[in-house]
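First up is the structure itself, then whatever we jot down about it.
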């Protein structure tokens, strides 16, 4: 358990030392909230969709969690290049425990980032509609963070250097975010879009946050919880397997 705690604490220290990373993440979320929330707000309202900022904010919160979580997993590549990972892997502990420590640390960082984005949303104009469901919203933030940190770990375990990082960003992470319903309603979409959104794990995370924060759910909170839990467990297993096969 000691190695899990050490790696968890290391991830937190690395995050708080990177002031540029914190400010950059906050700036990105604020940009999307202001540009999309107010830019498309009038159009959304004319289409009888209501307040677009209220609809958009849960998706931006989820996006902030996802980017931070995946980047935390991708940091394995940097640790490979600078030798820290080798020092960790030669320790007399199982790689499974190392993976758990890193994943929990990255997920904690992503959860904090999600809470910061939530605070930014409140400052911009977002309002919680279900205070009694707020603890459940925090739970959805945590499980999204765990899922995508495990995904980042699984991806990073198969990459040898940072050259493949842009490929992952453009062909994996960005489609997951933009095809999750974070920016648009899921009703009356073409069948092809509906299929993609249904198999996208982030769709259930965004839907869970909307259901707990603004009482709008497409799939249902129980479905969101079940799907996220199953996929998170699967990615933990996959990430552990791929991490155990890293060559040093």
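The values are calculated or read from the model by the stated rules, or taken from the named source; none is laboratory data. Small disclaimer: the values here were computed from a predicted structure and weren't measured. Glycine also receives a Cβ, built like all others from the backbone with ideal geometry; neighbour counts cover every protein chain displayed.
Quick one: residue 157 ticks every box in (1) farther than 18 Å from residue 203 by Cα; (2) loosely packed, with under 14 Cβ neighbours inside 10 Å except a single one, so which number is it?
Among (1) farther than 18 Å from residue 203 by Cα; (2) loosely packed, with under 14 Cβ neighbours inside 10 Å, residue 157 violates only (2).
Taking the condition more than 16 Å from the chain's Cα centre (by Cα), surrounded by 15 or more Cβ atoms within 10 Å (Cβ to Cβ), under 23 Å from residue 150 (Cα atoms) and modelled with pLDDT of 70 or more, does residue 79 pass? Lay out the reasoning, then the answer.
On the way: more than 16 Å from the chain's Cα centre (by Cα): yes; surrounded by 15 or more Cβ atoms within 10 Å (Cβ to Cβ): yes; under 23 Å from residue 150 (Cα atoms): yes; modelled with pLDDT of 70 or more: yes.
Against the criterion (more than 16 Å from the chain's Cα centre (by Cα), surrounded by 15 or more Cβ atoms within 10 Å (Cβ to Cβ), under 23 Å from residue 150 (Cα atoms) and modelled with pLDDT of 70 or more), residue 79 qualifies.
When you go through 122, 136, 53, 128 one by one, which is the residue that is at pLDDT 85 or above and under 17 Å from the mean Cα position of the chain (by Cα)?
Answer to the selection: 136.
Would you please name the residue that is nearest to residue 52 (Cα to Cα), looking only at residues in segment 180-195 that are without any contact (Cβ under 8 Å) to a residue 40 or more places away in the chain and crowded, with 16+ Cβ neighbours inside 10 Å?
Residues of segment 180-195 that are without any contact (Cβ under 8 Å) to a residue 40 or more places away in the chain, as a first pass: 184, 186-195.
Retained after the next criterion (residues that are crowded, with 16+ Cβ neighbours inside 10 Å): 184, 186.
Details: 184: 9, 186: 14 Å.
In this case the residue turns out to be 184.
Do you know which residues across segment 154-170 are part of a helix (DSSP H, G or I) and closer than 23 Å to residue 236 by Cβ?
Let us first name the residues in segment 154-170 that are part of a helix (DSSP H, G or I), namely 154-158, 162-170.
Correct list: 154, 155, 156, 157, 158, 164, 165, 168, 169.
If the requirement is being assigned to a helix (DSSP H, G or I), under 30 Å from residue 81 (Cβ atoms) and at pLDDT below 90, which of these qualifies: 243, 234, 193? Give the derivation first.
Working: 234 fails: at pLDDT below 90; 193 fails: under 30 Å from residue 81 (Cβ atoms).
After ruling out the rest, the residue left standing is 243.
When you look at residue 105, is it in contact (Cβ under 8 Å) with a residue 24 or more places away in the chain and more than 28 Å from residue 222 (Cβ to Cβ), yes or no?
Numbers: in contact (Cβ under 8 Å) with a residue 24 or more places away in the chain: yes; more than 28 Å from residue 222 (Cβ to Cβ): yes.
Yes.
Going by the conditions given, is residue 151 part of a helix (DSSP H, G or I) and touching a helix residue (DSSP H, G or I) at 6+ places or on another chain (Cβ under 6 Å)?
When the stated conditions are applied, residue 151 passes them.
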